[in-house]
Structures are given as structure tokens and as C-alpha cells.
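This report concerns only the one structure given below.
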Amino acid sequence: MSLAVLSALFLTLASPAPSAAAAPPSPREALVVSTAWLAQHLKDPDLVLLHVGEKAEYDEAHIPGARFADFRALFVSDPGGAGNGLTLEMPSAESLRERLAAHGISDRSRIVVYFGKDWVSPATRIMFALDYAGLGDRASLLDGGQGAWVRDGQATTAVVPEAKPGSLSPLKIRPIVVTADYVREHASSSGSVLIDGRDASFYDGVQAGGPRDARKAGHIPGAVSVPFTATTDDKLLLHSTEELRSLFAKAGVKAGDTIIGYCHIGQQATASLFAARTLGYKVLLYDGSFEDWARRGYPVENPAARTPEPVKDQQ
């Protein structure tokens with residue numbers, strides 16, 4: 001055997017076998033990051049870290065490098081009725097682009113959103129807005145928020161980073177926001193499940209809504225209850241994949257279904273929808289939610305108002 005052949009054989013044997021292609025991350029792995037992951041990537045140049053909570057809380061202590069996410073500045077609120085009168089709506093595509101860029105988001109940004117204290121649904125509302133804006137594949141939620149960060153021994157700071165605006169191209173809006181007419185057409189259709197993300201007392205009609213809900217009690221006909229608070233544990237950590245699958249299965253959601261969510265104004269439901277996204281479901285948000293539905297005078301199903309059937313004589 002020639003020296004050249006021997007050398008080639010040696011190189012072949014010495015070279016490591018080609019590794020199997022890395023498996024793509026699961027939906028949950030793409031959407032949720034741990035405190036350990038964030039600590040490792042905190043100084044990445046393209047990281048944009050957004051703190052969702054009260055401004056005073058942020059000023060007192062936040063994760064190093066985090067920018068305050070002004071929740072009210074990211075969305076449109078018109079409760080006075082100058083426009084459509086709704087409390088919480090998505091702005092126009094261009095306005096949303098400007099608002100996100102003002103929070104430091106650029107085309108290359110890797111975005112992590114976290115909540116302070118118990119601001120879970122405002123944080124998931126921002127996560128939904130990022131997905132709506134076409135940035136969902138680059139945005140994740142910190143599991144457990146700042147509470148988990150502190151419990152895991154990580155440092156906080158009161159130092160506010162320099163507010164540098166981002167450079168963001170025109171958004172590629174995803175059609176994941178739907179209207180009342182869409183809900184009326186699909187609430188009971190095969191392959192779609194309408195979920196009510198409010199507390200069960202509102203869904204059951206035990207507790208009536210306020211003025212913005214036209215003081216109506218009950219839920220949209222055809223909806224099932226998946227309260228936003230049922231998606232996390234007492235430390236505000238997202239429940240396990242198995243627990244979330246069970247939660248949605250008990251509500252009647254099947255594999256392959258599209259989930260349409262609503263709540264009072266379109267905020268709480270985003271927590272339920274975020275949990276569904278971690279399971280791989282396609283999700284849609286009825287942005288006007290029960291506020292819009294009630295003002296339109298559309299029918300409401302109120303279990304608490306049902307008259308019990310008389311007990312039949314068993315003799």
C-alpha cells in the first residue's frame with residue numbers, strides 16, 4: 001500500500017464522523033428563554049431587552065441593559081370614543097413600526113420581553129404585537145419574569161441604558177388579528193376553537209363586566225374557557241408542556257385546531273394564546289374582544305342566568 005493511500009486512510013479514520021443535523025427548536029424553545037440563557041446572552045450586541053411593568057418599579061430595579069417598554073405607547077387606546085371607542089387596539093403598520101423602533105428594535109434585533117411583578121398579560125400582549133409585526137421568530141419571553149431572575153441569584157440595577165432608537169424596515173404584518181364578523185363565522189366551525197381568556201367568573205356569568213363591556217354577563221356563544229391565569233404557576237412560571245396540553249385538551253382543543261382568543265379588551269387572552277403558541281397551535285386574536293362584542297349588541301350566553309329545570313317526581 002502506497003504512502004499516499006496510507007495517509008488518506010489515516011485522515012479518514014482520524015476525522016470525526018459527521019454529526020447529525022441539529023434538530024430545530026420546539027415552539028416552546030423558540031418562544032421561551034430561561035434566566036440562565038439570558039444571563040449568558042445579556043451582552044450580545046443585537047439583544048433588545050424590554051421590561052414590562054410600572055415605570056417606578058423599573059426605575060427602582062431592572063435587569064441590566066433592559067429598556068422600559070412603555071405599554072401604553074405601543075398601542076392605541078380610545079376609550080373616549082373619538083375613534084372606535086375601544087380601550088386597546090393595534091396601531092397602523094407604520095405607526096407600530098415607529099413605536100417598536102423607538103424602543104430600540106432594529107432589523108437585526110434579538111428581542112427578549114420580561115415582566116416585572118405580575119404583569120404577565122401585558123408582556124404577552126407585546127409578544128403578540130411582535131408576532132403580528134412579523135418579528136415573532138426573533139422574540140422570546142423570559143420565563144418567570146424578573147421574579148425568576150432575582151430568585152435565581154441574578155443581579156438587578158437602577159442604571160438606565162442610553163435610549164437609542166432602532167432602524168426597522170417596513171413591517172410584514174401577519175394576518176393574526178380578526179374582527180367580530182370573523183368570530184361570528186368561525187366560533188363554532190370545524191377546525192377552529194374560540195377561547196375566553198378572562199377569569200372563569202366572567203365566562204360563567206357570575207360576574208358582570210363593567211361599562212366597557214356594556215355591563216353584560218356571560219361569554220360569546222361557542223366559546224370555551226381557558227383563563228389566562230391557568231397558564232402559569234404560583235411563581236408565574238409557564239406550566240410544563242404536558243400541563244398546558246392537558247389544559248387545552250380539557251377545553252376541547254384538538255391537534256391542528258386554530259385557536260381564536262378574546263377577553264375583556266384583548267390583553268389577558270394573549271397569555272392564553274402565548275401558551276397555545278408554545279404547543280405549536282396557530283392562534284388568532286379578536287382584538288376588540290368582549291368590549292367590542294357587547295357594544296355591537298351581539299348575543300351573549302350567560303350560564304348563570306339559566307333557569308334550573310324542575311326536579312321530576314321520582315315516585
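Rounded to the nearest whole Hz, the Karplus-based 3J(HN,Hα) values (6.51 cos²θ - 1.76 cosθ + 1.60, θ = phi - 60°) of the range 93-103 follow the sequence 4, 5, 5, 5, 4, 5, 5, 5, 4, 5, 8, with x at glycine and proline.
The angle between the Cα long axis of helix 241-250 and the longest principal axis of the Cα atoms of the chain comes to about 30 degrees, rounded to the nearest 10. Amide H contacts under 5 Å for residue 117: 146, 147, restricted to partners 5 or more places along the chain or on a different chain, H placed in the peptide plane at 1.01 Å from N. The residues 119, 37, when put in order of fewest to most other Cβ atoms within 10 Å, stand as 37, 119.
Projecting the Cα atoms of 39, 69, 85 onto the charge dipole of the range 35-105 (Cβ charges, centred on the Cα centre) puts 39 farthest toward the positive pole. To test your reading of the geometry: what angle, between 0 and 90 degrees and rounded to tens, separates the Cα axis of helix 268-278 from the longest principal axis of the chain? Between the helix axis and the principal axis of the chain, the angle is about 40 degrees.
Result for the chain in a Gaussian network model with C-alpha springs under 10 Å: among 140, 92, 109, the largest mean-square fluctuation is at 92.
Sorting the segments 198-211, 58-71, 234-247 by their mean number of nearby beta carbons within 10 angstrom, highest to lowest, gives 58-71, 198-211, 234-247. Between the Cα long axis of helix 3-14 and the first principal axis of the chain there is an angle of about 30°, rounded to the nearest 10.
How big is the antiparallel share of DSSP beta bridges in the range 177-303, given as a percent to the nearest 5? Within the range 177-303, antiparallel bridges account for around 15 percent of the total.
Treating r as the C-beta distance of residue 154 and residue 55 and R0 as 30 Å, the FRET efficiency rounds to 0.90.
Backbone amide hydrogens, once placed in the peptide plane, bring residue 67 within less than 5 Å of 49, 50, 51, excluding anything fewer than 5 places away on its chain.
Structural descriptor for the chain: relative contact order 19 percent, calculated from alpha carbon pairs under 8 angstrom and at least 6 residues apart. Where both bridge residues fall in the range 27-151, DSSP classifies roughly 5% of the beta bridges as antiparallel. Summing Lys and Arg as +1 and Asp and Glu as -1 over all other residues whose Cβ lies under 11 Å from the Cβ of residue 124 gives a net charge of +1. Under 5 Å between amide hydrogens, built in the peptide plane, is the criterion, and for residue 285 it picks out 177, 178, 261 among residues at least 5 positions away or on other chains. Here is how the number arises for the chain: DSSP H runs of 4 or more residues each give -39500 (n - 2.57), the sum is divided by the residue count, and the result at 222 nm is -8500 deg cm²/dmol. On a per residue basis, the convex hull of the C-alpha atoms belonging to the range 177-303 measures out at 94 Å³. In a reduced charge model with +1 at each Lys and Arg Cβ and -1 at each Asp and Glu Cβ, the chain shows a dipole moment near 400 debye about its Cα centre. In order along the range 130-140, phi translates into HN-Hα couplings of 5, 5, 4, 7, x, 10, x, 7, 10, 10, 9 Hz, rounded to whole numbers, per the Karplus curve 6.51 cos²θ - 1.76 cosθ + 1.60 with θ = phi - 60° and x for Gly and Pro. Label-to-label distance for residue 164 and residue 182 is 3.6 nm, based on points extended 7 Å past Cα in the beta-carbon direction.
No value in this document is a laboratory result; all are computed from the given coordinates. Predicted, not measured: the structure shown is a model, and the values here were computed from it. Virtual Cβ from ideal backbone geometry, glycine too; neighbours counted across all protein chains shown.
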